[in-house]
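Step one of this worksheet: look at the structure below.
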Amino acid sequence: MPRFKQVKNVTSVAALGDYLGDLGVEIPLDDEVDPAGVLAQPMEITDGSAGTMTAPNRWAVLPMEGWDGETGGRPSDLVRRRWDRFAASGAGLVWGEATAIRPDGRANPNQLVLDETTVEDFAALRNRLDPAQVTVLQLTHSGRYARPTAAGPAPKTAYEHPLLDARSGSGPAEVLSDDELEELVEQFVERAVLARQAGFDFVDIKACHGYLGHEFLSAVDRPGPFGGDLEGRTLFLRSIIERIRQQSPELGVAVRLSLFDFIPHTAGEGGVGVPEAPGPYRLAFGGDGSGVGVDLAEAHRLLEMLGDLGVGLVCATAGSPYYVPHIQRPAYFPPSDGYQPPEDPLVGVARLIAATDEISQQHPEMRVVGAGLSYLQEWLPNVGQALVARGTADAVGLGRMVLSYPHMPADVLAGRELDRRLICRTFSDCTTAPRSGLISGCYPLDDFYNQREERIQLAAFKKEAKARLR
């Protein structure tokens with residue numbers, strides 16, 4: 001497999017700059033981080049219906065999928081611990097974790113579900129956060145990746161896919177009918193109303209990472225009103241937002257969007273990721289048709305539609321962790337069921353930054369939260385400051401990093417040195433553990449998880465997975 005220099009072995013900003021030059025990629029990078037600089041400045045977010053809200057700084061906690069709620073969809077003590085860490089992070093924006101709108105839309109049996117029976121539990125979660133933090137709750141249906149019970153996958157898809165259908169492990173996937181989609185639209189709206197009742201400032205109508213809202217964006221061959229041209233492929237998303245505006249105009253609406261996608265990858269020679277099929281490839285929203293390139297023309301058109309609907313907050317991501325993780329979650333160490341990176345992970349970071357910059361420049365009325373930055377490790381604050389100062393992003397999002405080092409924003413804002421013992425090294429155990437049926441968390445760097453019995457189970461699973469690859 002290719003060998004790349006690990007970021008943890010880069011000893012200075014200058015050395016990182018030199019290495020980026022050797023790779024031929026551009027990532028903005030400041031020599032010093034000013035605790036009172038741009039990352040400490042408030043961020044105004046203007047929603048076309050709910051008005052203007054102000055986050056106290058430019059740091060954001062990103063939404064992740066928890067595997068540790070109660071089976072009935074309620075938060076557990078483990079979920080509450082995680083949200084307490086979000087509260088103490090110092091981040092001005094907390095974009096709360098992926099929450100299913102109905103039980104059969106969960107990606108795992110322990111994912112949170114928002115409905116009339118759990119809304120008070122969500123209100124209690126919101127109350128654990130700092131009142132000054134602007135809050136978003138991500139609403140989702142997992143679609144192709146629905147796995148609501150331990151019995152196994154139960155996919156419900158936007159269309160038949162020539163490559164992904166065979167991966168489901170459950171036989172032919174069920175393609176949702178137009179009538180079922182109308183029902184789902186109403187359920188999204190009902191759950192949004194409940195999120196507002198629970199005290200959240202925004203809901204995120206998830207359109208990323210291969211889940212249902214994202215898959216519709218590539219449904220070019222689906223007949224009927226929810227497929228075909230871009231107007232049809234965005235109808236599901238737009239219908240939800242339009243009806244939220246009618247039912248709960250005081251609630252802000254955000255969208256986490258996969259700006260571009262690639263053809264599904266699989267492990268090739270030496271375990272290195274390779275395209276599962278040769279191009280061309282028509283089913284990548286934001287792709288250039290080759291399967292491994294970017295063309296944001298449709299993403300810009302979608303963002304214009306969202307702007308017309310009053311959406312003023314977007315999180316920029318890409319692809320899907322299920323079939324092309326290296327473009328949205330660059331890592332040196334992939335999950336045990338994944339593939340080795342086909343490129344230096346810094347190339348993936350740079351690609352997503354470039355796409356984020358392009359949408360920020362063309363849609364300046366939107367507040368754009370950057371993502372995919374944890375691989376930068378010690379140098380994340382240096383890059384984050386540069387991104388905000390240059391207008392590439394309005395806020396710096398932390399995903400995996402916040403699991404191991406939740407108070408990184410607080411340390412940066414206070415001018416403290418980073419705690420290198422807690423910096424995410426992209427070991428990917430936070431993904432490997434849930435995919436082996438264990439609770440989510442940072443096992444290598446968070447002593448709370450390191451000392452649990454699941455740590456032993458995780459080590460055994462990784463050993464078995466490694467043996468299977470030999």
**Report entry** Electrostatic dipole magnitude of the stretch 419-470 [Cβ: Lys, Arg +1; Asp, Glu -1; Cα centre; debye, to 20]
**Finding:** 360
Report task. Give the relative contact order (percent, whole number) for the stretch 302-377; include only Cα pairs under 8 Å separated by 6+ residues. Result -> 40
Report summary line: Charge dipole of the chain built from unit charges on the beta carbon (Lys, Arg +1; Asp, Glu -1), centred at mean Cα; most positive-end Cα among Leu445, Tyr323, Pro275 is Leu445
Report summary line: Evaluated at 20 °C and 1.002 mPa s, the Stokes-Einstein D of the stretch 1-84 based on the Kirkwood radius over Cα pairs, in µm²/s, stands at 121
Query - Probe 1.4 Å, all protein chains present, accessible-area order of Glu182, Glu97, Glu298, largest first - result: Glu182, Glu298, Glu97
Query raised in the report: What part of the accessible area of the chain, given as a whole %, is carbon or sulfur when the probe is 1.4 angstrom?
Result: 49
Report task. Compute, for Arg167, the solvent-accessible surface of its heavy atoms (probe 1.4 Å) with the complete set of protein chains present, and express it in square angstrom to the nearest 10. Result -> 90
Report task. Pull out a ≥ b ≥ c, the square roots of the eigenvalues of the alpha-carbon gyration tensor of the chain, then state rounded if a/c is under 1.5, prolate if not and a/b is larger than b/c, and oblate in the remaining case. Result -> rounded
Query raised in the report: When the Cα atoms of the stretch 255-380 are enclosed in a convex hull and the volume is divided per residue, what value in Å³ results?
Result: 100
Report summary line: Expressed per residue, the solvent accessible area of the chain in Å² (1.4 Å probe) is about 37
Query raised in the report: If Lys and Arg each add +1 and Asp and Glu each add -1, what is the summed charge of the other residues whose beta carbon sits under 14 Å from the beta carbon of Ala389?
Result: -4
**Report entry** Residue order for Asp121, Asp447 - accessible surface, 1.4 angstrom probe, largest first
**Finding:** Asp447, Asp121
**Report entry** Rounded D (µm²/s) - the stretch 165-318, Kirkwood Rh over Cα pairs, Stokes-Einstein at 20 °C, 1.002 mPa s
**Finding:** 128
Requested in this report: Step through the table entries Lys8/Lys463; Lys5/Lys462; Lys156/Lys463; Lys206/Lys463; Lys156/Lys462, compare each Cα-Cα distance with 28 Å, and write down the pairs that go over it.
Outcome: Lys156/Lys463; Lys206/Lys463; Lys156/Lys462
Report summary line: With -39,500 (n - 2.57) per DSSP H segment of 4 or more residues and division by the full residue count of the chain, the 222 nm estimate, nearest 500 deg cm²/dmol, is -9500 deg cm²/dmol
Query raised in the report: Can you give me the relative contact order of the chain as a percent, contacts being Cα pairs under 8 Å and 6 or more apart?
Result: 17
Report task. Report, for the chain, the % of DSSP beta bridges that are antiparallel, rounded to 5. Result -> 25
Query - Dipole magnitude (debye, nearest 20) for the stretch 141-269, charges at Cβ of Lys, Arg, Asp, Glu - result: 400
Report summary line: Computed for the chain: size of charge dipole around the Cα centre, +1 on C-beta of each Lys and Arg, -1 on C-beta of each Asp and Glu, debye to nearest 20, value 1420
Report task. Take every DSSP beta bridge with both residues inside the stretch 44-183 and express the antiparallel ones as a percent of the total, to the nearest 5. Result -> 30
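The values are calculated or read from the model by the stated rules, or taken from the named source; none is laboratory data. Here the structure is a predicted model, which means the values were calculated and not measured. Methodologically, a virtual Cβ is constructed for each residue, glycine included, from the backbone with ideal geometry; neighbour enumeration extends over all protein chains shown. Remember, those area values only see protein heavy atoms, side chains included, never the ligands or the DNA or RNA. Shrake-Rupley method; radii C 1.70, N 1.55, O 1.52, S 1.80 Å.
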